[in-house]
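Everything on this sheet refers to the single structure shown next.
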Amino acid sequence: MPVSAPPTPPPLDGKPPATAPPPSRRGPGSLVLLVGAFLLLLLASLGLWALEGRKQKAASASLEARALAARPPVPAAAAAYLEGMALMQEYRWAEAVPRFKQAAALDPTFALPLLRLTVALYFLGDSKDVIDDMQAAVRLSAGAPDDIRLRVEPHYFWYQGQWEKCAAAARALRDREPDNFEALLPSLLLTGCVPNPESLALMARLRAGGSPVTRDARFDLMEARLAFAEHEDRRAQEALDRAQGKLVGPDKRFLEAAAERERSRLAARAGHFDLALQLLGLAEKTYVDGGHSFEAARVAGERAEVLEAKGQYLEAAAEFERQLQLLQTFGATYAAVLATKGAAADYLAAGEPNRAAALLEGVKAYPQRILQNVEEVYGSLGRVALEQGNLAQASALMVEALKTLAKDASAAEPVLLAASVEREEDRLQAARERLEGATAVAAEDAVQVRLAELLLDMKDAAGAARVLDGLSNEALPRAQAARLRARSLRESGRPKEAKASALEAVELARATRQVPVLQAAEVELARAEVANGEAALAHGQLTALEAEAKQHGAGRLLLEVQLAQLHALPKGQARVQAARALEASARSAGFLRLARLAHEAAAS
């Protein structure tokens, strides 16, 4: 078959180059020599291509050489397994799955394909088969050599929530094969297993020592993820820059999408929200075009988190709801529970507890095997019930939410929910002890704000002031601190200073864009105005807040507003009657603190 050389492109000006030699005639012998030379060049290129392919296969095989030698599988199964691993190394989960299934079918005693299948299926959203395949991999690896067993155990212990065993197995595996990324990966990937600072220190040592493991783009992507989690943003950026030069090969689009997602997190943290959303849009398109619809849904959730950071809570909730639509084809998943939880929190931040409650209804019927592993969702359910004014339901959900602490002592939401319920039940000392005893979260701003509020309830203004002085300079705690200082000034008989502090709280709260924070500041401003003899100003503010509470189903806020309205009434029979009515309403709803305050108002 004759082969013709590509035509020489004409010069830019359309004229022959000044140095071009004159045309010459070539005989048949010259033509044969040219064709022969071209064919030799073509064969050499094909040889180099084949050699490179063999090198890639050899490199892939070497990554799993110890495991395959420890208990050799059927050769065809080993070949299919290595093909799956090569695809997995490029995050091509959908293409890797059939290879791993083929390897498992060719050799039913081969544990590793089932292990890798669990990882691929996880990223594809198949939570049911993940569990089944993990159990099968554990069964097949029982009694197997360490090179096989240690590959399975970290994933299994992580699934079981046995963090110490997970860490021990992951460390043992990475120490056996320090230059193998597949052996290092479990200690990096399995969140909660090996502490991030330990992993980052190890990665720095591997890079300084020139380990072959650092040549893998996934090494840099994982380093960027871990560094970001530890707020080492510069290191994360440097890791992503290193990864960029390694994203070459037949199909690196999913690795590129992973890099775009990491860059979006850095952009959002730096306040470049539009850039973050743009990067996530590119990543989502890659997943949609590549058939990774579960990862596309995850990206929708990440877009929602960027919108949260912008303070656009209704838009964030809508994006979480879009994620839920994308997840519908996968049935009940952990991702759907987390998306529901996120959307509910955003609706609460937007001051719409009824919409949050309606959304949460969708996960109540999920299987316990899923809800038990995302127990913080009970904290969301309880918080919504509390904001709706259903304290009995909030108290029941608090019990379920607190089970989270057995697995994760750093979960703040259950502690805050429990303290809030106990406060409304007028068990102030119990709430205080809970907050002070939650050592893993006691230093967090949200916990300290709640503690300061309790101290004011308990007439300990000096203690509350010390707590407020220790808060960070973030907008949200500043707004809450200004509100509580206004309350302390009002209760100490300094109404003018209280109003000034309350006005500051309103401005700071408005900047947070969190409606409940703003509403609480506005209630305190109205109380300061009443104390300052400006009841008419307070009346208009409280009337507007009452309408908002009724419109959006904010039952707890409604009670707080009614208590403030009560204090705005002049002393007399009308005030006594209103106080008794409020006391009855609060008591029937279980809000004993508010009932007590209403009773005290009637007696004053």
Give me the net charge of Gly301's neighbourhood, meaning all other residues with Cβ under 13 Å from the Cβ of Gly301; Lys, Arg count +1, Asp, Glu -1.
-2
At q = 0.23, 0.31, 0.32 Å⁻¹, what is the log10 ratio I(q)/I(0) for the range 155-203, with the Debye formula run over Cα points and no solvent?
-0.74, -1.24, -1.29
Let's see if you can work this out: charge +1 on each Lys and Arg Cβ, -1 on each Asp and Glu Cβ, no other charges. What is the dipole magnitude of the chain about its Cα centre, in debye to the nearest 20?
720
D_trans [Stokes-Einstein, Kirkwood Rh over alpha-carbon pairs] for the range 229-289, 4 °C, 1.567 mPa s, µm² s⁻¹:
108
How much of the accessible area of the chain, in percent, comes from carbon and sulfur atoms when a 1.4 Å probe is used?
57
Residue by residue through the range 466-475, which ³J(HN,Hα) values in whole Hz follow from phi under the Karplus form 6.51 cos²θ - 1.76 cosθ + 1.60 (θ = phi - 60°), with glycine and proline marked x?
5, 5, 5, 5, x, 6, 6, 9, 5, 4
What number, rounded to the nearest 500 deg cm²/dmol, is the helix-based mean residue ellipticity at 222 nm of the chain, given -39500 (n - 2.57) per DSSP H run of at least four residues and division by all its residues?
-24000 deg cm²/dmol
Between Leu563, Ala547, His599, whose Cα lies farthest towards the positive end of the dipole of the range 491-604 when Lys and Arg beta carbons carry +1 and Asp and Glu beta carbons carry -1, centred on the Cα centre?
His599
Under 20 Å from the 7 Å Cα→Cβ point of Glu436, by amide nitrogen: which residues of the range 464-483?
464-471
For the range 260-271, Karplus couplings with θ = phi - 60° (6.51, -1.76, 1.60), whole Hz, Gly/Pro x
4, 5, 5, 5, 5, 5, 5, 5, 5, 5, 7, x
What is the sum of charges around Arg478, taking Lys and Arg as +1, Asp and Glu as -1, for the other residues whose C-beta is under 13 Å from the C-beta of Arg478?
-2
Once you place label points 7 Å from the Cα toward the Cβ at Asp460 and Ala443, how far apart are they in nm?
2.1
When all C-alpha to C-alpha distances in the range 217-336 are sorted into bins of 5 Å, what percent of pairs does each bin hold, rounded to whole numbers?
2, 12, 20, 21, 21, 14, 7, 2, 0
For the range 313-324, just list the computed ³J(HN,Hα) in residue order, Karplus coefficients 6.51, -1.76 and 1.60, θ = phi - 60°, integers in Hz, with x standing in for Gly and Pro.
6, 5, 5, 5, 4, 5, 5, 4, 5, 5, 4, 4
Within the set Lys165/Lys252; Lys459/Lys496; Lys101/Lys252; Lys341/Lys499, which residue pairs have Cα atoms separated by over 32 Å?
Lys165/Lys252; Lys341/Lys499
Contour excess over end-to-end distance, with Cα ends at Glu491 and Gln551 and 0.36 nm allotted per residue
18.5 nm
How much net charge surrounds Thr214 when only the other residues with a Cβ under 15 Å from the Cβ of Thr214 are counted, with Lys and Arg +1 and Asp and Glu -1?
0
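Suppose we take every Cα in the chain and form the convex hull; what volume per residue is that in Å³?
On the way: hull volume 131.9 nm³, N = 604.
Once divided by residue count, the hull of the chain is 218 Å³.
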Excluding residues fewer than 8 places away in the same chain, name every one of the aspartates and glutamates whose C-alpha is closer than 20 Å to that of Lys364.
Glu321, Asp346, Glu352, Glu375, Glu376, Glu387, Glu400, Glu413
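The values are calculated or read from the model by the stated rules, or taken from the named source; none is laboratory data. Note that the structure is predicted; figures quoted are calculated from it, not measured. In this analysis, Cβ positions are derived from the backbone assuming ideal geometry, glycine residues included, and neighbour counts consider all displayed protein chains. SASA here: full protein model, heavy atoms, side chains in, ligands and nucleic acids out. Shrake-Rupley method; radii C 1.70, N 1.55, O 1.52, S 1.80 Å.
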